[in-house]
1. Under the rule of -39500 (n - 2.57) per DSSP H run of 4 or more residues, summed and divided by the residues of the chain, what mean residue ellipticity at 222 nm is obtained, to the nearest 500 deg cm²/dmol?
2. The stretch 47-68 to the stretch 1-18: how many Å between their Cα centroids?
3. Going from the alpha-carbon gyration tensor of the stretch 1-76, what semi-axes, largest first and in whole Å, does one get by taking the root of 5 times each eigenvalue?
4. If R0 is 22 Å, what FRET efficiency do you get for LEU2 and ARG22 from their C-beta distance, rounded to 0.05?
5. By the scheme Lys and Arg +1, Asp and Glu -1, what is the net charge of all other residues having a beta-carbon under 10 Å from that of VAL4?
6. Within the stretch 1-31, find all residues whose amide N lies under 14 Å from a label point positioned 7 Å from the Cα of MET94 along Cα-to-beta-carbon.
7. Put +1 on the Cβ of each Lys and Arg and -1 on the Cβ of each Asp and Glu in the chain; which of MET1, GLN34, PRO79 then has its Cα farthest toward the positive end of the dipole?
8. Placing unit charges on C-beta atoms (Lys and Arg positive, Asp and Glu negative, everything else neutral), compute the dipole magnitude of the chain about its Cα centre in debye, rounded to 20.
Amino acid sequence: MLIVGELINSSCKTIARAIETRDFKVIQTVAKEQREAGANFIDVNAGIFGEQEVESLKWLVTSVQEAVDTPCCIDSPDPRAIEAALEVHRGTAMINSISLA
């Protein structure tokens, strides 16, 4: 069984604020807590940021991987955002969502 920590999601006000202000400490704390709770992957989602999703998702991946050695689960229906996040991800990531449209 694989456990995916789903708390780093921009639909959460605290996470959205941390992404907007690039407060890596908030993101890293949540990533560490999820890892300590047994998560095998840390989900990252910046979907509410529209045109800024690509850069925001890259920033999330980098911030998480600076804090934990747990791989990310990249959560976006935008292939451009997924590709950009994969470019900065270390190791093998999981893809949570994708749209071929």
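Readers should treat all values here as calculations from the given coordinates under stated rules, not as data from a laboratory. Just so we're clear, the structure is a prediction, and the values are computed from it rather than from any experiment. Backbone-built Cβ (ideal geometry, glycine too); neighbour counts: all protein chains shown.
1. Working: 4 runs with 47 residues, N = 101.
That calculation yields -14500 deg cm²/dmol at 222 nm.
2. Using only Cα atoms, the two centres lie 11 Å from each other.
3. The three semi-axes for the stretch 1-76 are 19, 12, 10 Å.
4. Once the sixth-power term is evaluated, E becomes 0.15.
5. That sum, taken over residues with Cβ under 10 Å, equals -3.
6. 1-8
7. GLN34
8. 200
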